[in-house]
Structure formats: C-alpha cells, structure tokens
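See below for the structure under consideration.
Since every read-out is calculated from the coordinates, none of them should be taken as a lab result. Note that the structure is a prediction, hence the values are computed from the model and not measured. All Cβ positions, even for glycine, are placed from backbone atoms using ideal geometry, and neighbour counts span all protein chains on display.
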Amino acid sequence: MLVGVVFLLILWMLYRLRLKQKSNQEAAVPSALTWEELDQIVRDQLQKWTADPFLDHFSNDEMYRRELLRRTMIRQSLRSCHSGDRLQKEYVKDIIVEIIRPLLKPSKDYWEMLVPFDDPIQLSAKDKFDILLYLYFQRYGLEAMHEIVQRYGWDQIKTQRDIEGEEELGYVVDEHDVSQAYRQERPVVKHEERIRIIAQRIYERYKGLSVIDELRDLRIEGVSGGVNGLIQSAPLMSTGIATGSSHSASRSGIHTSKIPRSYDSVWMFYQGKSIRLGFLSFESERELKRVCQTIYKHGAPGPLTEVDGYRVNDMKDGSRVVVMRPPFSESWAFFVRKFEREQPSLSHLISADGSADVIRLLQFLMKGARITAVTGAQGSGKTTLLMALVQSIYAFYPLRVQEQAFELHLRQLYPNRNILTLRETENISGQSGLDVQKKTDGVVHILGEVATDPVAAWMIQMAQVASLFTVFTHHAKTFPDLIGALRNSLLKTGMFHNERIAEQQVVQVIHFNIHLSRNANGMRYIERITECVPSEMTNGNQTFNRQLGKEDIHQQDVSTSSSNSWMDYRSAAIQYYDDQANSSSHTYKNIIEFQNDRYVWVNEISDVHIQAMLSQMTDYDQELFREWIASGRENVVA
C-alpha cells in the first residue's frame, strides 16, 4: 500500500514538472513577435554561435576543433555574404531559418505583426513584392525578375506627374503595379515558405543590402540607389503634393507621385532602361548609408571617407560597384552594374536586318588586327560588345587587359587563352599598369575604358610600338570628337605641343570606330562603323619652298632688301600657315550605318586597310575576306 502511494506521488510530481516546463517554453515564445524582437533574437544567437568556444565544455579535442571550425565558417560567411557571394548568403539565411523556425507557429496571430499573409489588404507593396519575387525565384531562378517584368509590362513607358503637377514620361513601377500583379497571381504561401520570406527580410536588415538585396543577385543589368529625391538637408517645396514614398494611381493611367527623399530612391537597370521602383524605400538616410558602406567591401578596398569621396570596386560575382558620399556627392548613392557572365556572341547582340554584314565586318576587323575604338554613351553596351569581339581575335595571340575595375572577366569567358588583366589600385596607377604590360609578351592590348589623359596618351604610344593592335572603349559621341579628345589628351600630358602634329599621331593610330547607341525604348544597336585613313602629308619645308621659290629665298639677302621680294615672302608665308591650319590630316567615312531599323552598307573599305588586313590574316581567312569584300561592293548604297 505504501509503495503504491509513493509511486502515485512520484507520477504526480513528474506530471507537475512537465506542465511547468511546457508553460516555461510557451512563456519563452510570445504569442506575437515584432520585427525588432526577431532581429534581436537572431543577433544574440549568431553572436553566441560566433564567439570562441570554451575548451572545458567539450569532452575531447576533436569535438572542440569541429565546433571551432563551424564557428569560424559562420564568421567568414557573415563577413562575405553581402559581397555578391550567393552561396555564403544562402548559408547565413539557412542559419537564420533554423533560429526562427521554433519561434513562428502556423497561426494567423503570429503573422499579423510581421507579414499578414492571410490578409492581402493589409500587405504593403514591399510585402507583396517579396512574396512574388520568392515564388518566381522558386520557378525561374535568377531569371525571376525578368519573368515578372515581361509578364506585367513593368518596362513600359508610363505617364506620371512631377512635383509641379506637369505630366512627364518615364519608366516607373509603383504600388498600383505591384498590387495589380499580386491580385492576378493570387499566391498561396505555405508555412515553410513564409519562414523563408521572413528569414530573407531579417537577413537584409541585418547583414544584407536592405531592399535591393535579393534584386541585386538576379539577372538584371544593374541597380542603384540614392539618385533621386530630396536630400536630407533640403527644405520641402511648398507644393500641393504631400511628401513620402508611396504612390497612387488614377483610372486614366496618370500616376501622381509624392515627393520622395533620397532614401526612397531605388532604380533598376533592365535591358537598357532605367526603371524607378517607386514602391521600394530604404526608409531612412541611416539605412541608405549602411548599404553604401557595405556594398563595396569585397576584397577590403579601404574605408570610404570624406577625403576620398567615392570608391570603385567589383563584387564577388563580377559586378562593378561605385559608391559616393557627401561632400563629394550631394547624397549617399551607389551604382551596381552587372555584365553578362556567359560568353556573349555577336549574333546574339546584333540582330536587326542586315546584321550579317555587320558581324562579318567586326570579325574581319579583329582578324585583320585593326586598332578599333568602341564608343557610345553609358549603358549602350560597349563592354558587352568588347567581350564578344575577343572571340574573333586569333586564339594564339596573348591578350593583355587594363581596367579601372575588373569588368570584362575575359579569362572566365575564354579560359584556354593567354590573358592577363591588370587594374588600378590605390598605390598603382593605370599608367604604371600600362608600363608593366610592355614587359609581359602581350600581342593584343585591350583597354576597358580610355577615361583619363595619361591613359589616352599611353594608348597612342602602345598602339604604335608596343602591340600588334589595340581595342579600347571611349565615350566620344562622333568620330571627330574621338580624334579631338585623344589629340587634346596628348597635348595636356605634354607629349606634344603642336596641335596638328598631335592630331596626326592620333589618326595614324585609329583605324576603325564602332559607335553604339540606344533609343528611347532601350534598344541597343550599332549606329555606324567608321573608317579613318590618314591623308598624305606634304613636307612643310617643301611646300614653303614651292610657294616661295628658291630664287626668292636667295634674294632675301640683307644687302638687297627690295619691297617686291618682301611682299612675295610675306604672301608665301601667309599661304603656308593657312594651308597648315586648314588642311585636314585625315579622311573618314562610314562603312555601315543603321538606317530605318536596318544596317546598310554605305561605303567601301579603303584599299589601304584591305591590304593591311589581308597581311595579318591566315590563308583561309584571306580567301573568305576577299569573297566577302567582292560581294559587299555590290551592296553599297549609291
């Protein structure tokens, strides 16, 4: 009897203890968590997991070493997850999922404080966009944003109103567009998917790049922030439009926007179009500043200080990032530019009517070792075309590349070729890098961008003596502008002091110019391919002597200074200097032009370039080139 009572008493005590533990667990997990509470829980847990472990907590050294390695991996992932390394980012997000999964129950009350998945009316535009982007990423991977844009026409020009109430055209996606897409999708988000979406939101607030974090990883051409809206210190204008970052839409299709701040600025570069994502905002200047100070940190390029003002760097995935800060810029701003990582082809880039002749000409320019300038405005596709042109260069030529930041990544596109790329650093200038290239057995030199006077001047020298031929990009609008800009660079660097001689040096180097353009709809095309041929320059002394006459020169003796002789001398001198000032040092003509949405062959290639190109080609390519030239002359537009 006594044993039975004791047994029942023990069972009762165990039951009470189990109830107490269950109540403590329920008390540890509140019925509704806020974003701030979740953020703090994740931060505290990651801080605990990244701290150095205590040796006396482990039974043997092997377990200690494993735990130390695990914590080291977490620390490394937290340091590099925001630098364009998606594997590290997903690893950190998985850790966050494991932390928050026990805290989030499949109950409606648990989501109302975070994201009200079950009530679309209460969802913000950011919530709807995150849900759409997550679901599309599950279906299409890195093409998720491309599929959304194409399906809902987010790349179409819209009419909106500026702060003065005037109508203007632009590419903008606002809350109305996101809500409309969400209504059409009617997504059903499962519990595990909800946890993943919450984890992404926590990650981008903690270690990620805020509202652009997931967008930056997708296959778009770029993203930027802090490039529109009122700056923090600017007073609000006295207009009838309220301030803020939200947007409303009228039935007429005219969207009226509120005045945004600089931290409400998020832009996406997509297929040559700059699209403003008006429904996204960094919410505060502090958050925009945090993103700017984080996004460029790959490879430890150094701090972004008021003295420096800006940083240009590349990210782990090859994206170029430029960050600016006050007082150099009026507000904190960043620009991420992404380039095609898959090997681009000329047939893919050039697709309008008549593109076959354009592609063949570009291929023969590279095989014929012609010094070529690729020009055009920003975003016109110069870098992508340059990547594609390398494919037409003979594979047995060693390539040497000079860039300000790694953008071309030619060794990843052509891993079997002899390619070495150099870039500028804080202690090594572009000029020093170009000097070193002369000692690396390079045959073909590629300059990612001729943007400074010293680089332009050295490019001229390099094209003359240091390489077989050179390919470079430039921002000139016309061919005369290109020649003038390079000539002025030679004068500014002190290499030449005579404008005419400097121009002669330039035109003797530049053989062809490929000029790219982009229309209002974002379509990229080759506007023209221009050929340059130096003119036959007459020796100045011979011209002077011919105009003046040898007998007149002998008459310029001091003892016989007649008035007629002086007038003849003066007239000849005026004529000589007039010829020097007005005669052109070169002639140029367009070989192919883009007219009426098709490529047209308008002029023949000069014989001097044809012979020079044939001398650099293999026998097989020589035969193909001769046949192509013969057929092309029949298609020249009179």
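Here is how the numbers come out for the structure above:
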| item | result |
| --- | --- |
| Amide H partners (placed H, <5 Å) of L422, local residues excluded | V401, Q402, E403 |
| A476 long-range amide H proximity, modeled H, under 5 Å | G376 |
| Virtual paramagnetic centre 7 Å along Cα→Cβ of A451, amide N under 13 Å, in the range 372-415 | 378-379, 383, 403-408 |
| Members of K89/K126; K382/K589; K126/K273; K190/K273; K158/K589 lying beyond 29 Å, as alpha-carbon distances in this model show | K190/K273; K158/K589 |
| Theoretical FRET efficiency, 1/(1+(r/R0)^6), r = Cβ-Cβ of D353 and Q184, R0 25 Å, to 0.05 | 0.10 |
| Distance (nanometres) between label positions extended 7 Å along Cα→Cβ at R65 and D435 | 4.9 nm |
| Simple label model, 7 Å out from Cα along Cβ direction - Q343 to R43, nm | 4.9 nm |
| Potential extension, M73-H475 segment - 0.36 nm per residue separation minus Cα distance | 140.3 nm |
| Efficiency of FRET between Q464 and N416 - r from beta-carbon atoms, R0 30 angstrom, step 0.05 | 0.50 |
| Relative contact order (percent, whole number), the range 81-227, Cα cutoff 8 Å, 6+ residue spacing | 30 percent |
| Nonlocal amide H pairs with I591, under 5 Å, H built at 1.01 Å | I529, T530, E531 |
| Label-point gap, in nm, between E283 and W628 - each point 7 angstrom along Cα→Cβ | 5.6 nm |
| Among the listed pairs K289/K338; K93/K316; K108/K258, those beyond 27 Å (Cα-Cα) | K108/K258 |
| Residue-by-residue Karplus 3J(HN,Hα) for the range 277-282, coefficients 6.51, -1.76, 1.60, Hz, glycine and proline x | 8, x, 8, 9, 8, 7 |
